[in-house]
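The values are calculated or read from the model by the stated rules, or taken from the named source; none is laboratory data. Because the structure is predicted, anything quoted here is derived from the model rather than measured. Reconstructed Cβ throughout: ideal geometry from the backbone, glycine too, with neighbour counts over all protein chains shown.
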Amino acid sequence: MEEETYTFGDYFNGVQQRLQSLSEDEMSILGKLKTSPQGQILGKVLGEDLGLLNSNINSVKKRGLAARK
């Protein structure tokens, strides 16, 4: 019987899917976290590969007064 392999690609795709299922509030929290000192440390620990998810976090649309500049 052949054993199933779980690759980093599988893990990355799972993280991406979970990220897409977050609410707007949760995405906003993640967006704020990544610019905080804690988020910067997490980025160093998790590495560049998971940093590729940043583009999904940046795509959160601002609403209300936050959308005005």
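Which condition number in (1) among the hydroxyl-bearing types (Ser, Thr, Tyr); (2) modelled with pLDDT under 85; (3) surrounded by 11 or more Cβ atoms within 10 Å (Cβ to Cβ) is the one that Ser59 fails? Ser59 satisfies all of (1) among the hydroxyl-bearing types (Ser, Thr, Tyr); (2) modelled with pLDDT under 85; (3) surrounded by 11 or more Cβ atoms within 10 Å (Cβ to Cβ) except (3). Scan the stretch 40-56 for residues that are surrounded by 10 or more Cβ atoms within 10 Å (Cβ to Cβ), at pLDDT below 80 and among the small types (Gly, Ala, Ser) and the total you get is 1.
Output the residues belonging to the stretch 30-39 that are without any contact (Cβ under 8 Å) to a residue 12 or more places away in the chain and surrounded by 12 or more Cβ atoms within 10 Å (Cβ to Cβ). Selection gives Leu33, Gly39. Scanning the stretch 13-50 for residues that are in a helix (DSSP H, G or I) and hydroxyl-bearing (Ser, Thr, Tyr) yields one hit, Ser28. Against the numbered list (1) surrounded by 11 or more Cβ atoms within 10 Å (Cβ to Cβ); (2) modelled with pLDDT under 85, Ala67 comes up short only at (1).
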